[in-house]
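Enquirer: So that we are looking at the same thing, I have put the structure below in structure tokens.
The values are calculated or read from the model by the stated rules, or taken from the named source; none is laboratory data. If you're wondering where the values come from, they're calculated on a predicted model, not measured in any experiment. A quick note on method: Cβ atoms are made from the backbone with ideal geometry, for glycine too, and the neighbour counts reach across all protein chains shown. In case anyone asks, the SASA skips ligands and DNA or RNA and just uses the protein heavy atoms, side chains included. Shrake-Rupley method; radii C 1.70, N 1.55, O 1.52, S 1.80 Å.
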Amino acid sequence: MDIELQNKGVLGCVGAAWSLLLKNKRLIFKKSWLVAAIYSVVVSLLFYVSLKSINSVDFVVRHPFMFLVLVAISLVLPIFLDIWLESRFFGCITGDYKKMFKRCLAVNLSLLGTLLVVCLGVGGLWLGLGAMVANSSAVVQTLVHVMVIGVVIALAFFMLPIGFSGMKYLFEEPVRLSHIFTKYYKEGFHYKGFILLTIFVLSLILSVILFILWLPGVILLSEYVSNVQGMLMGDADGLPSYFSFLLIAVLIVLQFLTQYAKAFCSYTAYFVYLSINKRNDEKAKNTIYRP
């Protein structure tokens with residue numbers, strides 16, 4: 001794809017991503033449909049199995065190790081497939097799918113490691129402060145909880161520039177992975193408000209799209225869960241025999257379509273990265289250096 005570097009606003013980035021998706025829909029679909037289909041089947045089946053396990057507590061008690069293995073697979077496999085799919089979307093821009101997969105894998109594993117450390121730190125803080133004020137008044141406990149929530153919000157705010165630095169690592173030459181949290185992070189930090197506003201607008205758009213898209217799936221899932229809960233209380237199975245196959249098929253189709261909503265998000269992030277790069281270039285040209 002031949003994409004011109006332009007300085008765009010929030011709506012410009014969103015519109016450019018939508019235009020890119022429509023103009024190159026055949027190429028994007030050709031390069032990503034197989035991975036999107038594998039992801040959709042795997043995630044849908046894992047989700048269905050987790051629903052079936054609502055009334056299978058005995059299996060967890062009798063086979064705890066097998067249960068942990070299944071949980072690990074349920075976490076690792078979708079993450080790997082999601083990274084692979086992301087590399088296919090971005091590979092349509094660069095044309096080098098192998099290099100893009102390696103970089104997407106490095107970026108996402110780094111971010112997952114960072115998030116894990118942050119979550120463990122916040123969780124430890126929450127538990128530690130909770131134990132310290134366990135015998136205090138309700139006002140003190142509420143203040144502690146508010147403080148921890150404030151810390152979480154602050155951390156989320158300071159992670160916004162990684163949306164730019166991660167994209168810069170994917171598309172710049174030469175690159176170093178450590179620059180995601182140092183050099184490139186500093187560049188993106190000046191535009192954290194722009195990144196936050198783009199995320200907000202994109203979330204509003206996606207919430208409408210996904211609500212309409214997933215409405216049939218939510219209806220089927222609610223029927224299935226209600227039936228399982230009734231069976232746990234001794235009621236007979238009230239669903240037809242083909243309902244499980246219908247539910248799995250609908251979930252697979254909806255998951256498949258959702259992947260291209262994620263492509264829209266990925267391309268929006270790409271245009272945010274281009275826009276920030278253009279702004280930095282314009283700022284550098286307009287800067288007067290004095291000896």
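Enquirer: Scan the stretch 85-99 for residues that are within 18 Å of residue 21 (Cα to Cα) and surrounded by fewer than 18 Cβ atoms within 10 Å (Cβ to Cβ) and report the count.
Expert: Here the count works out to 3.
Enquirer: Related question: Checking residue 193 against (1) more than 19 Å from residue 105 (Cα to Cα); (2) open to solvent by less than 40 Å² (accessible area, probe 1.4 Å), only one condition comes out false. Which one?
Expert: (2)
Enquirer: Filter the stretch 241-269 down to the residues that are open to solvent by 20 Å² or more (accessible area, probe 1.4 Å), touching a residue at least 12 places away in the same chain (Cβ under 8 Å), among the hydroxyl-bearing types (Ser, Thr, Tyr) and over 20 Å from residue 81 (Cα atoms) and list them by number.
Expert: 244, the sole residue that qualifies.
Enquirer: Which of the residues spanning the stretch 122-158 are of a type in the set (A, V, I, L, M), open to solvent by 50 Å² or more (accessible area, probe 1.4 Å) and either within 24 Å of residue 195 (Cα to Cα) or in contact with an Asp or Glu (Cβ under 8 Å, 6 or more places away or on another chain) (or both)?
Expert: 149, 151, 152, 153, 155, 156
Enquirer: Out of all the residues in the stretch 136-178, which are in contact with a helix residue (DSSP H, G or I) (Cβ under 7 Å, 6 or more places away or on another chain) and among the aliphatic types (A, V, I, L, M)?
Expert: Across the stretch 136-178, the qualifying residues are 144, 148, 151, 152, 155, 160, 162, 167, 170, 175, 177.
Enquirer: Mind telling me which of the residues 181, 200, 171 ends up being touching a residue at least 60 places away in the same chain (Cβ under 8 Å), open to solvent by 50 Å² or more (accessible area, probe 1.4 Å) and of a type in the set (Phe, Trp, Tyr)?
Expert: Matching residue, one of 181, 200, 171: 181.
Enquirer: Checking residue 69 against (1) surrounded by 12 or more Cβ atoms within 10 Å (Cβ to Cβ); (2) farther than 30 Å from residue 176 by Cα; (3) modelled with pLDDT under 95; (4) aliphatic (A, V, I, L, M), which single condition isn't satisfied?
Expert: (1)
Enquirer: Enumerate the pairs (first residue in the stretch 214-240 and closer than 30 Å to residue 256 by Cβ and modelled with pLDDT of 80 or more; second residue anywhere and open to solvent by 60 Å² or more (accessible area, probe 1.4 Å) and not polar (S, T, N, Q)) with beta-carbon separation below 6 Å, excluding pairs fewer than 6 apart on the same chain, so at least 6 apart or on different chains.
Expert: Sorted first by the residue in the stretch 214-240, then by its partner, the pairs are 227/238.
Enquirer: Within the stretch 100-121, is there a residue that is touching a Leu at 6+ places or on another chain (Cβ under 9 Å), open to solvent by 70 Å² or more (accessible area, probe 1.4 Å) and at pLDDT below 95?
Expert: Scanning the stretch 100-121 turns up no residue that is touching a Leu at 6+ places or on another chain (Cβ under 9 Å), open to solvent by 70 Å² or more (accessible area, probe 1.4 Å) and at pLDDT below 95.
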